[in-house]
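Report on one structure; see the data block that follows.
The values are calculated or read from the model by the stated rules, or taken from the named source; none is laboratory data. Every value quoted in this text rests on a predicted model; they were computed, and no experiment measured them. Glycine gets a Cβ as well: all are built from the backbone with ideal geometry, and neighbour counts include every protein chain shown.
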């Protein structure tokens, strides 16, 4: 009785593949959790960094009247030319919104499921 080894190989490889997938899934879920935590920490740091940058710029502008005057002149010239110049607050809001959107893409938001109770 001759055994055809080629007919046994697909079954063996599918079993090995299942074992490796189960083993890798556990390790990958751990790495995924670590990566999500790192991204959340980075987003929090960057979001706070935007506020620090805005504070530093406001302080720099207040301590340098020439800079403040140059910015005001540029805004008025741009307005005369028909250009829209956003305010500093609008820029900060858009940057923070972009950071939040990016974190929402990279880190899925935790969802909680609630069970509805029938009204009595």
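Restricting to the range 85-119, count the residues that are in a loop (DSSP other than H, G, I, E, B), at pLDDT below 80 and either within 30 Å of residue 74 (Cα to Cα) or touching a strand residue (DSSP E or B) at 6+ places or on another chain (Cβ under 8 Å) (or both).
Let us first name the residues in the range 85-119 that are in a loop (DSSP other than H, G, I, E, B), namely 85-87, 107-119.
Now drop any that are not at pLDDT below 80, which leaves 107-119.
Subsequent filtering for residues that are either within 30 Å of residue 74 (Cα to Cα) or touching a strand residue (DSSP E or B) at 6+ places or on another chain (Cβ under 8 Å) (or both) retains none.
Looking only at that region, the number is 0.
Which condition number in (1) at pLDDT below 70; (2) outside any helix (DSSP H, G or I) is the one that residue 28 fails?
Of (1) at pLDDT below 70; (2) outside any helix (DSSP H, G or I), only one is false for residue 28: (2).
Run residue 56 past the list (1) modelled with pLDDT of 70 or more; (2) surrounded by fewer than 10 Cβ atoms within 10 Å (Cβ to Cβ) and report the number of the one that doesn't hold.
Unmet for residue 56, out of (1) modelled with pLDDT of 70 or more; (2) surrounded by fewer than 10 Cβ atoms within 10 Å (Cβ to Cβ): (2).
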